[in-house]
Amino acid sequence: MDELREQRIKKVGELSDRGIDPFGGRFLRSDEAQACHTGYREGKEVAVAGRLASIRGHGKTVFADLHDSSGKIQLYLRRDNLEGAGLEILDRLDLGDIVGVRGELFTTRKGEISVLVRELTLLSKALLPPPEKWHGLKDREIRYRRRYLDLVANREVAELFRLRSRIIREIRSFLDRRGFLEVETPMMQPIPGGAAARPFQTFYAALHAPMFLRIAPELYLKRLLVGGFEKVYELNRNFRNEGLSRSHNPEFTMLEIYEAYGDCRTMMELVESLVTEVADKACGNLTPASGEAVIDLNPPWKRIPYRDLVGEFLGREDWFSLSPEEMAAEAVGRGLEVSPEMTPMEITHEIYEKCVEPSLIQPTFVLDFPASLVPLARRKKDDPDSVDVFELVINGTEVAPGYSELNDPLEQRRRFQDQAAARPPDATDAGGEIDEDFLEAMESGMPPAGGAGIGIDRLVMILTGAASIRDVILFPQLRPKKEDPNPEASPANP
RNA sequence: GGGGGCGUAGCUCAGUUGGCAGAGCAACGGCCUUUUAAGCCGUGGGUCGAAGGUUCGAAUCCUUCCGCCCUCACCA
């Protein structure tokens, strides 16, 4: 099994013995592979470099496919046309090797533009064989653990991550044009706040102080509102010490946006414009596929209050006037588990999360959540039982929440105290300690503001049609592999 | 953490009722100067995820463990 590697190492030695460096240095390229096609001229002199994806020996000639990040160009190597060390290298060429070649462009009898190679330089000898060329790399574990092989073997995977990059660039561009300032706030926080989630804990030796990886940047971004940055955003990683699933990775990318003097409605307009513009510019269309379904991102998106939505879904306008027993019966009838101590609101929300939300494939802003469900948001003036928030749902998953932010420091202190008091004593999530430093900031005066967060990984899933969050994160979290007792025996698994 | 599925050559996969470990690609040797999933002839390559058990005999059945996938739970 190590035979393949041994053979290649032997070739490295043979080349070195002949004074040929198997791991060459700088190579000046005249063109990328794609440009050889678009800028084709018979006899044009080119220098290209890339990885060998196919080698087809043909008597005293060899055809090879060279891949670089732009695409593919075929090489035609004739023994009688190679200069210098070319022959020695050619005799020891393997799939996966990275080479640089110089030569002139021509078109083969079958009509394929190719480089008639004159100079062949070995830039990096691959010691391990690449995955199979026709079926690609399918094993999910290898694809996630050794993503570089996935990227080399499966072109559509590389394309997806390029698209992810374009999406993020367009998001920044959109916010920049709207006058938002990108900021960076601490990822290591003494008190993790801004969300209810179990944090990762670490220890800062120099200060002898426990620290937490942030679960949200919210409380720092609000400090910046106090400081006079009126339109700010942060697009970076959050960390939550919770389970893995198709839509959860412990570190995930979040966009949080705050706009002073705005509110929930301001943010709804912003999020709708942002997503549609990004989809249009990065993906070129507003109708990404999702399995069987097609998502239509064309605005305006549906906006519906929580209570109306639940009533509409269940087909009964009188839902909220039902008795707890009738509500529980409805939930059980839908295959949900309810316990006697659940409040009507809790039963309703169970139905919302398990039945209503997954049914919302097309983009929907769910508005006016019951206050008891969202303790940190501002209540609506004309309906104190509801809070002024929205939750954007697309393809059955929450993509973006938005708030009319609370800016009353006294009310905020009460909410924190209530939150801390409501925690079970054995709770491991954040929220046990009141962030006095943040409250002090608020007491200096925080402007009213709208805030929104967009889960970037989930947004990318929607725009690319990916079924799992692992398919849109380059190196998703996996269980660490046990150390190999004999590393030398298995170099592929360090 | 619970339930279900999967793990066979570097990669993609077969493997029947428990009865000699297989194919294609890749590799190695040979032929071939416009091929392209090149072709033809030949060769090598296996801790069947790991350990234990049942059996005359285990890739196959049982137990435990490891890893991956799905699902539930947790999850503003």
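The values are calculated or read from the model by the stated rules, or taken from the named source; none is laboratory data. Just so we're clear, the structure is a prediction, and the values are computed from it rather than from any experiment. Reconstructed Cβ throughout: ideal geometry from the backbone, glycine too, with neighbour counts over all protein chains shown. With ligands, DNA and RNA removed, areas are computed over all heavy atoms of the protein, side chains included. Shrake-Rupley method; radii C 1.70, N 1.55, O 1.52, S 1.80 Å.
State the percentage of accessible surface on region A:2-129 attributable to carbon and sulfur atoms; use a 1.4 Å probe and exclude ligands, DNA and RNA.
49 percent
So, in Å, what gap is there between the alpha-carbon centers of region A:313-345 and region A:255-270?
First find each Cα centre; the distance between them is then 34 Å.
Accessible area per residue, 1.4 Å probe, Å², for chain A: what's the number?
Counting only protein heavy atoms, the per-residue value for chain A is 51 Å².
Heads up, I need the accessible area for A:Lys60: 1.4 angstrom probe, whole protein in place, Å², nearest 10.
For A:Lys60, solvent-accessible area is about 150 Å².
Order A:Thr38, A:Thr253, A:Thr343 by their accessible area, 1.4 angstrom probe, all chains in place, largest first. Don't jump to the answer; show the numbers that get you there.
On the way: A:Thr38 110, A:Thr253 15, A:Thr343 60 Å².
So, going from the largest accessible area down, we get A:Thr38, A:Thr343, A:Thr253.
With unit charges on the beta carbon (Lys/Arg positive, Asp/Glu negative), name the residue among A:Leu95, A:Thr202, A:Leu82 whose Cα is farthest towards the positive pole of the charge dipole of chain A.
Ranked along the dipole, the leading option is A:Leu82.
For A:Arg41, what is the net charge nearby, where nearby means another residue's Cβ is under 13 Å from its Cβ and Lys, Arg count +1, Asp, Glu -1?
-3
How large is the dipole of region A:2-129 about the Cα centre if only Lys and Arg carry +1 and Asp and Glu carry -1, each at its Cβ, rounded to the nearest 20 debye?
Here region A:2-129 has a charge dipole of around 240 debye.
Normalised by the residues of region A:2-129, what does the relative contact order come to in percent, with Cα pairs under 8 Å and at least six apart?
RCO, region A:2-129: 30 percent.
Where the only charges are on Cβ atoms (+1 Lys, Arg; -1 Asp, Glu), what is the dipole of chain A about its Cα centre, to the nearest 20 debye?
Charge dipole, chain A, about its Cα centre: 2620 debye, nearest 20.
Students often get this wrong, so check it: of A:Lys72/A:Lys138; A:Lys60/A:Lys110; A:Lys281/A:Lys380; A:Lys133/A:Lys281; A:Lys10/A:Lys138, which have C-alpha atoms separated by over 27 Å?
A:Lys281/A:Lys380; A:Lys133/A:Lys281; A:Lys10/A:Lys138
Enter the Cα centre distance for the pair region A:32-59 and region A:393-416, rounded to the nearest angstrom.
55 Å
Only bridges whose two residues both fall in chain A count here: according to DSSP, what percent of them are antiparallel, nearest 5?
Of those bridges, close to 90 percent are antiparallel.
Any idea what the dipole of region A:106-219 comes to, in debye rounded to 20, about its Cα centre with Lys/Arg Cβ at +1 and Asp/Glu Cβ at -1? Provide the component values of the computation, followed by the final result.
Numbers: 21 positive and 13 negative charges, 86 e Å.
Once rounded to the nearest 20, the dipole reads 420 debye.
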